[in-house]
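Just so you know, all these numbers are worked out from the coordinates, no wet-lab data involved. All of these numbers come straight from a predicted model, not from anything done at the bench. A quick note on method: Cβ atoms are made from the backbone with ideal geometry, for glycine too, and the neighbour counts reach across all protein chains shown.
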Amino acid sequence: MATSDPLDWFPLWLSLRVASIATLLVVIAGTFAAYLLSHKTFRGKNLIDSLITLPLVLPPTVLGYYLLVLIGRASPLGRLYEILFGQPLVFTWQAAVIAAMLHSAPLFIKAARPVLEAVDYRYEWAARSLGASEWSTFWRITLPLSRQGLGSLAALTFARSLGDFGVTIMVAGNIPGRTQTLSVAIYDAVESGNGRLARVLVLIVSGVALALLWPAAHVLRTGRSHT
């Protein structure tokens, strides 16, 4: 009696690692960017906002090409990485992290901006009038009052990072056991005619995404109802 091949769990573990690191970096940098856009007025603000929105409308292949130019071996960033770590950045799992960040950061920043703007400015003004610095006000007032919404956006960011395909396959490739993420493994399974593997992987990524989106949607809905 023939037995089916054992399921390779590497794409799932790699995707979880890539999505976790990408989400952490996006939440840190994205919250700072959203705060600047929501609380500051400066020249070029609209241009920066447009550049942040651009990845949401450009095809993934275009984003992947830009990223290849930015981190490829011929670029200053790519050469610096190769000098420091002794290997090219492209076609590594680290490149997959950068791809996931590019894929998910615009969504987080665009959604985090109104979350930060929804914080009652009177609390921030009161803190500043009592002598608190802007940095202290952000940590003690703005961030705690917006943590629920930002936490839900972090869950959405993780789900989006988990499912990136187009940018990831261009800069990280499809190397089994090294850079093959879950979405890339699904594509590979379909192309090779392995329907069973494709179905299992699709169910896994769908289940993980649903487990993240369900509570996040509830928090965002209740948060809007209280504003």
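Summary table below
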quantity: Verdict on residue 105 being within 21 Å of the chain's Cα centre (by Cα) and surrounded by 15 or more Cβ atoms within 10 Å (Cβ to Cβ); calculated: yes
quantity: Selection count, segment 161-182, where residues are free of Cβ contacts under 8 Å to residues at least 60 places away in the same chain and surrounded by fewer than 18 Cβ atoms within 10 Å (Cβ to Cβ); calculated: 1
quantity: Residues (free of Cβ contacts under 8 Å to residues at least 40 places away in the same chain and either of a type in the set (D, E, K, R) or in contact with a Lys or Arg (Cβ under 8 Å, 6 or more places away or on another chain) (or both)) located in segment 16-40; calculated: 40
quantity: Unique residue being within 20 Å of residue 25 (Cβ to Cβ), out of contact with any strand residue (DSSP E or B) (no Cβ under 8 Å at 6 or more places or on another chain), buried (at least 19 other Cβ atoms within 10 Å of the Cβ) and of a type in the set (Gly, Ala, Ser) when the list is 155, 185, 189; calculated: 155
quantity: Enumerated helices (runs of 4 or more DSSP H) restricted to segment 41-142, each holding at least 1 residues that are more than 30 Å from residue 173 (Cβ to Cβ) and in contact (Cβ under 8 Å) with a residue 40 or more places away in the chain; calculated: 93-117
quantity: Cross-chain or 6+ apart pairs with Cβ under 6 Å, segment 190-211 first and touching a residue at least 60 places away in the same chain (Cβ under 8 Å) and within 24 Å of residue 156 (Cβ to Cβ), then part of a helix (DSSP H, G or I) and small (Gly, Ala, Ser); calculated: 201/185
